[in-house]
Amino acid sequence: MLNLILKDVLIQKNILIIYIATIILYLLVNVSPVFIVFVYSVVFILNAFSNDEKDNANILLNSLPYTRREIVSSKYIGALIFTGLFMLYTYVVNFFLNEQEVVVLWKEILLTMGLVMIAITFILPISYKFKTKYLTIVAVALFGVYMVMVNYFVPNFDGKVRALVQKFMTLQDLQLYLFATVIIVFLYVGSWLLSIRIYERKAF
Amino acid sequence: MENVIELQHIQKSFNGFEIKDLSIKVKKGFVTGFIGGNGAGKSTTIKMIMNLLQQDSGTISIFGKRYKGNEKEIKQRIGFVYDDNIFYENITLKDMKRIIKPAYKNWDDKTFQQYINQFDLPLNKNMKTFSKGMKMKASLAIALAHHAELIIMDEPTSGLDPIFRRELLNILHELMQDETKTIFFSTHITTDLDRIADYITFIHNGEHIFTKEFYKIEEDYAIVKGTLDLLDSETEQEFLAIRKTNRGFEALTANKQRVATIFGDTVVVEKPTLEDIMYYTKKGW
């Protein structure tokens, strides 16, 4: 299982330097770490996924002594590990760059992890069922909907999102966090099981 | 004798293609050549043997075990070579090895290196720079490096030059000195089989036509040539396929002795090649 997770890093090792360099760049212009970690984690996970798809690697992986359950599980476990690593890296760089006492709020960690998990919950089963190229179409369509919404229906959409995040960060009710965490974990595990089911029925 | 691969009453249908009641046995310790025309179902069968595809009905057992619950154990013992590229294009063979090696308990770096040297493969070049033949060699080196007991190959010789084709056959031949090894490979270059195959399994249109020992094929099958006046509705029954021209006929029989007694010296009986058998079976006439 660990081999499969390491594999996702190895096949991206040529662009790893780009990930590392651009994160520094974004931090220099003060992009929010939550946003950076979220975007990089999702991109990293999806890029690994599309590499498997593009290069017929599914045939290879399924011919090696792995079960389909392991292959899918490696993606879900890997997603959490990669997000953790991006988070660690981003906060460490941020600490050195901004030379300020970066207070790593557990709420911020929770928020980032939660966002990645929600994204993966929806993306992976769709990717397993269809091809990632359909996902791109969906993403473009969603972006279009977002733009329309922002411009016509919800004035100051970004501001509202920011306010929502702010609200989340300042919430004092611990029970609410616990509740949100449980729901996200529940969805994630559900998505995991669904992906295994889809993948086990797949033909290569 | 022990069977390494056993397919029993396999049924599988796609849109426009069907495998019907396919039962195949592959014996341990021998090379079995798997032949059939394009679209006969060779690759589909191999994919089902590798559990890349699931059959609609019927059972598959490898080393006497079903895949369900034994998948890892079975695949530890199989080496595979496919016709398609299965490597990540943007990494080197060295990285590819790093990915594959930890999957196998019996991985042997020394053997791997030995084949890499023998095949003249560059470890530090991206896989996308590899030619089809080089990728096939890389697959073979990997299959041999983990001491697989069963080697399954789908059209391994199709992209190779004649020199390496012969080299490959020599390697396989050497490998077979070890009596515990089994090789099952599909091909439509039937001359490859003359050199190493012990058994031939022939499928046509998703149906199993025969599995025979190689030498038996020449004993049973024959190409018969004669004049048209020898043929009537009764004698035509003796043949699997008949090709008539205005000079005479050429036909394939699966019972050489019987034809010899019926026609005697009036016909010419020739040894068929595998290609003849494939050709006549496909055409049917």
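The values are calculated or read from the model by the stated rules, or taken from the named source; none is laboratory data. For clarity, every value in this text was computed on a predicted model and none was experimentally measured. Reconstructed Cβ throughout: ideal geometry from the backbone, glycine too, with neighbour counts over all protein chains shown. Keep in mind that these areas ignore ligands, DNA and RNA; they rest on the heavy atoms of the full protein, side chains included. Shrake-Rupley method; radii C 1.70, N 1.55, O 1.52, S 1.80 Å.
Among the residues of the stretch A:67-84, the ones that are part of a helix (DSSP H, G or I), under 15 Å from A:Ser195 (Cα atoms) and polar (S, T, N, Q) come to 2 in all. Would a scan of the stretch B:133-146 turn up a residue that is within 12 Å of chain A (Cβ to nearest Cβ) and within 20 Å of B:Phe34 (Cα to Cα)? Scanning the stretch B:133-146, I find at least one residue that is within 12 Å of chain A (Cβ to nearest Cβ) and within 20 Å of B:Phe34 (Cα to Cα), so the answer is yes. Against the condition in contact with a helix residue (DSSP H, G or I) (Cβ under 8 Å, 6 or more places away or on another chain) and within 14 Å of another protein chain (Cβ to nearest Cβ), how does B:Asn126 come out, does it pass? So B:Asn126 fails the test.
Of the strands (runs of 3 or more DSSP E) contained entirely in the stretch B:179-285, those carrying at least 1 residues that are over 25 Å from B:Ala40 (Cβ atoms) fall at B:222-226, B:241-245, B:248-253, B:268-270. Against the conditions (1) buried (at least 20 other Cβ atoms within 10 Å of the Cβ); (2) touching a residue at least 12 places away in the same chain (Cβ under 8 Å), B:Ser13 satisfies every one except (1). Of all residues being away from every other protein chain (no Cβ under 14 Å), aromatic (Phe, Trp, Tyr) and buried (at least 18 other Cβ atoms within 10 Å of the Cβ) in the stretch A:180-204, which is nearest to the chain's Cα centre (by Cα)? Just the residue, please. Across the stretch A:180-204, the extreme among qualifying residues is A:Tyr188. The residues of the stretch A:1-49 that are away from chain B (no Cβ under 14 Å), open to solvent by less than 50 Å² (accessible area, probe 1.4 Å) and of a type in the set (Phe, Trp, Tyr), listed by number, are A:Tyr19, A:Tyr40, A:Phe44.
Residues satisfying the criterion are absent from the stretch B:134-152 (criterion: more than 20 Å from B:Ile100 (Cα to Cα) and among the small types (Gly, Ala, Ser)). In the stretch B:75-86, of all residues being facing chain A (nearest Cβ under 8 Å) and either over 12 Å from B:Ala138 (Cα atoms) or in contact with a Ser or Thr (Cβ under 8 Å, 6 or more places away or on another chain) (or both), the one that is most open to solvent (accessible area, probe 1.4 Å) corresponds to B:Asp84. Hey, can you tell me all the residues within the stretch B:144-163 that are surrounded by 20 or more Cβ atoms within 10 Å (Cβ to Cβ) and assigned to a helix (DSSP H, G or I)? B:Leu144, B:Ala145 - these are the residues of the stretch B:144-163 that are surrounded by 20 or more Cβ atoms within 10 Å (Cβ to Cβ) and assigned to a helix (DSSP H, G or I).
Quick grid of which residues meet (1) modelled with pLDDT of 95 or more; (2) within 19 Å of the chain's Cα centre (by Cα); (3) at negative phi; (4) of a type outside the set (Lys, Arg):
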{"residue": "B:Glu6", "(1), (2), (3), (4)": "no, yes, yes, yes"}
{"residue": "B:Gly41", "(1), (2), (3), (4)": "no, yes, no, yes"}
{"residue": "B:Ser57", "(1), (2), (3), (4)": "no, no, yes, yes"}
{"residue": "B:Glu73", "(1), (2), (3), (4)": "no, no, yes, yes"}
{"residue": "B:Ala103", "(1), (2), (3), (4)": "no, no, yes, yes"}
